[in-house]
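Below is one structure; the comments refer to it alone.
The values are calculated or read from the model by the stated rules, or taken from the named source; none is laboratory data. Note that the structure is a prediction, hence the values are computed from the model and not measured. Positions of Cβ are generated from backbone atoms using ideal geometry, with glycine treated the same way; all protein chains shown enter the neighbour counts.
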Amino acid sequence: MALQTFKGDRHQPQGYIRTHPYLNAPNTMPIDLPLARSLTPGCEHVVHFNNAGSSLMPRPVLDAVKEHLDLEARIGGYEAAALATLKWERAYDAIATMLNCTREEVALMENASRAWEQAFHAVPLKSGDRILTSHAEYVSNWLAFLLVKERTGCSVELVPDDEHGQIDLEALRTMLDERVKLVAITHVPSSNGLINPVEEIGAIIRGSNALYLLDACQSAGQLPLDVERIGCDMLSATGRKFLRGPRGTGFLYVRKSALEKLDPVFIEHQSATWESLDHFAWRPDARRFETWEKSYANVIGLAEAVAHALHWGLDNIAERVQGLAADLRSQLGELPGVTVHDLGLRKSGIVTFTVQGKDAMHIMERLSEQRINVTVARKEIARLDFEHRGLEQVVRASTHYFNSQEEVERFVKTVEGMR
Ligand SMILES: Cc1ncc(COP(=O)(O)O)c(C=O)c1O
């Protein structure tokens with residue numbers, strides 16, 4: 001592949017070379033389904049409706065990871081990382097391009113939970129401070145709120161839902177005061193189908209005292225994400241879900257102006273420089289939240305995965321994912337005994353449902369026998385949302401752009417046969 005110099009790109013430090021044409025030329029055409037499927041080896045083996053769990057890697061991602069592992073085995077891990085600097089450095093550029101930020105505002109992580117925790121625990125909180133969040137917040141985020149509430153005496157408050165089940169914007173506006181230090185929102189919750197109105201939330205928070213932390217774990221790779229439009233200060237995401245990267249990857253965005261408001265919890269020689277025996281200085285960029293050791297093969301795979309998503313175009317991906325999910329929802333909803341439980345004015349690629357008289361695990365296992373992948377969301381990991389709605393467990397099916405209408409139909413027929 002020819003090397004390309006990127007001119008006039010504000011994300012690039014001078015002289016930096018990107019190595020991938022995808023980053024220069026996003027696809028403006030609708031997604032070429034046969035091509036997308038032929039680039040996805042897993043399509044030959046399974047009907048994959050577990051993209052919100054971990055998606056199927058496309059061939060270029062798989063090849064990039066394998067190639068680097070081979071190189072490590074051949075010449076040594078440190079030597080391979082040095083030789084492949086452009087390839088793994090490209091991860092920062094690809095993510096910055098996707099988020100509309102600078103590469104200095106990106107830190108690489110091993111998953112979304114670490115990314116979110118690094119940001120959250122760095123927010124200085126004390127007794128009397130308030131955290132605002134919603135019923136859609138992810139289980140681990142809520143656990144962290146409970147921990148910090150116990151340790152600091154800050155309060156954690158739920159903004160009510162509106163009539164569509166998403167965060168009530170007027171209630172948020174009313175609840176916001178100078179004691180609110182953090183608004184933490186999950187963009188696409190893992191088990192209720194909605195897409196939170198994150199730009200509107202950002203517009204309300206702007207100008208207040210609060211930092212805005214967005215959990216974009218399920219939205220990265222599924223929806224366009226522009227941190228300027230959203231207005232968030234921090235954003236966390238994972239690689240293996242809708243981005244179709246390798247497992248064990250994730251990233252954190254930290255707005256440059258938010259860096260100085262945060263106190264990172266951990267320190268090591270990637271995050272700071274040891275200036276003299278008694279002094280250190282934090283790195284000036286978001287990499288102060290990183291650790292030095294990482295899986296370079298995975299990082300290279302993540303770079304490839306983000307480039308792949310950018311190539312198809314996130315608007316195109318969103319349209320296809322939501323279109324397939326809407327079909328799945330409406331076809332399932334027509335089956336007697338099947339109830340779709342999704343919320344939201346705008347819905348994501350996550351479809352949740354129950355079948356009368358059938359255990360969700362049973363449905364998942366029966367689908368798996370037909371090589372159809374889904375997962376189950378249980379109350380134990382979604383208490384905030386499920387207790388509120390009186391739900392115990394639901395089957396979760398999640399579509400991606402490489403899924404086909406035939407797969408949707410096969411899925412619905414299989415569920416129909418189980419009632
Ligand atoms: C909304 C949301 N946030 C965070 C996470 C945690 O991501 P990870 O498993 O990469 O740490 C998940 C995982 O399912 C999720 O759905």
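Annotations
- Single residue of the range 120-165 satisfying the filter (hydroxyl-bearing (Ser, Thr, Tyr) and under 24 Å from the mean Cα position of the chain (by Cα)) that is surrounded by the most Cβ atoms within 10 Å (Cβ to Cβ): Tyr138
- Residue that is nearest to the ligand (Cβ to nearest atom) [pool: residues in the range 83-118 that are farther than 23 Å from Ser257 by Cα and not in a helix (DSSP H, G or I)]: Asn111
- Cβ pairs under 8 Å, 6+ apart, first in the range 174-201 and of a type in the set (Asp, Glu), second in a helix (DSSP H, G or I): Glu199/Arg229; Glu199/Ile230; Glu200/Leu169
- Within the option set Glu416, Glu387, Glu369, Glu406, being touching a residue at least 12 places away in the same chain (Cβ under 8 Å) and either farther than 30 Å from Thr133 by Cβ or surrounded by fewer than 16 Cβ atoms within 10 Å (Cβ to Cβ) (or both) holds for one residue only, Glu416.
- Within the range 255-283, being modelled with pLDDT under 95 and aliphatic (A, V, I, L, M) holds for no residue.
- Within the range 233-252, the set of residues being buried (at least 24 other Cβ atoms within 10 Å of the Cβ) and either within 11 Å of the ligand (Cβ to nearest atom) or of a type in the set (Ser, Thr, Tyr) (or both) comprises Ser236, Ala237, Thr238, Gly239, Arg240, Lys241, Phe242, Leu243, Gly245, Thr249, Gly250, Phe251.
- Within the range 179-232, if we keep just the residues that are small (Gly, Ala, Ser) and closer than 19 Å to Ala94 by Cβ, the residue that is farthest from the ligand (Cβ to nearest atom) turns out to be Gly221.
- Filter result (without any contact (Cβ under 8 Å) to a residue 24 or more places away in the chain and either touching a Leu at 6+ places or on another chain (Cβ under 8 Å) or within 30 Å of Arg255 (Cα to Cα) (or both)) within the range 64-107: Leu71, Ile75, Ala82, Leu83, Thr85, Tyr92
- Single residue of Val338, Val374, Val351 found to be among the hydrophobic types (A, V, I, L, M, F, W, C), buried (at least 20 other Cβ atoms within 10 Å of the Cβ), touching a strand residue (DSSP E or B) at 6+ places or on another chain (Cβ under 8 Å) and over 25 Å from Cys43 (Cα atoms): Val338
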